[in-house]
1. Which of the following residues is under 20 Å from Ala185 (Cα atoms) and within 16 Å of ligand 1 (Cβ to nearest atom): Ala55, Ala37, Ala103, Ala50?
2. Of everything in the range 1-43, what is open to solvent by 10 Å² or more (accessible area, probe 1.4 Å), among the hydroxyl-bearing types (Ser, Thr, Tyr) and assigned to a strand (DSSP E or B)? Give them in sequence order.
3. How about the range 148-229: which strands (runs of 3 or more DSSP E) wholly inside it have at least 3 residues that are under 17 Å from the mean Cα position of the chain (by Cα)?
4. Return a yes/no flag: does the range 160-169 have any residue that is in contact (Cβ under 8 Å) with a residue 60 or more places away in the chain and open to solvent by less than 10 Å² (accessible area, probe 1.4 Å).
Amino acid sequence: MSLVDIRGLSACYGDFQALFDMTCEVGEGETIAIIGANGAGKSTFLKAIAGVVPAPSEAILFDGKPIGGLRSMELVARGIALVPEGRCLFASLSVEENLLMGAYAKRPGEWSLAKVYGVFPRLRERRHQSATTLSGGEQQMVAIGRALMSNPRLLMCDEISLGLAPSVIANIYQALGPLKGRHMAMLIVEQDIHQAVSFSDRLYCFQEGRVSLTGQSTAVTHAQISSAYFGA
Ligand SMILES: Nc1ncnc2c1ncn2[C@@H]1O[C@H](COP(=O)(O)OP(=O)(O)OP(=O)(O)O)[C@@H](O)[C@H]1O
Ligand SMILES: [Mg+2]
């Protein structure tokens, strides 16, 4: 049984339909990349799973149970964590306080402040600093660390590379690499196709709210991706 099983997921903003009858599976411990052009529906898809955008109950199964439309807090408690685009840190709080906010659901598990600092040593040095005074890369590390503190079974990251220097992006993916598999599946939205392919087990390409390509990341060709991306 898949950890996440999405069947016939549609999502709307008022009259505007952003997702059309989408199907996607995420196995236990699997790392999936989602790629696609601007406006393809990538963020909406993650938000529907995380309870930020409404979804029909039966369209999203998590651990075999329907979770579509549940509130975000309930979903965090079940093990679904979203690192949103733009990070959404608490500006008035320190690094450490931001990280502790991720633990409010008190799911049992291996993650602790010490473990997050082990993954991102820079954050230990800066733990008393206000989150908004950090560099963009450090803020992204806090956002990921905060999500890990909820002990997720599914970690979803929306464009962690956005606006960051290549060396910082490499640093963050290097830190995430050892977390792949084990007890946590990952769903990563990534604009950098090379990064998406090399980091994931499988990938999905979205186009105008539909899945235009899916396959093993090592098996999909540049031509397939290009056609699925642009609809050529
Ligand atoms: N709050 C909203 N209200 C109305 N329409 C929205 C809203 N959020 C997104 N949309 C629309 O839904 C579609 C999908 O948006 P979404 O943000 O999911 O795309 P995306 O693939 O994440 O794009 P990007 O790569 O630019 O982040 C777009 O046409 C967008 O304009
Ligand atoms: Mg987006």
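The values are calculated or read from the model by the stated rules, or taken from the named source; none is laboratory data. Keep in mind that what you see is a predicted model, and the values were worked out from it rather than measured. Glycine gets a Cβ as well: all are built from the backbone with ideal geometry, and neighbour counts include every protein chain shown. Remember, those area values only see protein heavy atoms, side chains included, never the ligands or the DNA or RNA. Shrake-Rupley method; radii C 1.70, N 1.55, O 1.52, S 1.80 Å.
1. Checking each option against the conditions leaves just Ala50.
2. Ser10, Tyr13, Thr23
3. 154-158, 185-189, 202-207
4. Looking for residues that are in contact (Cβ under 8 Å) with a residue 60 or more places away in the chain and open to solvent by less than 10 Å² (accessible area, probe 1.4 Å), one finds at least one in the range 160-169, hence yes.
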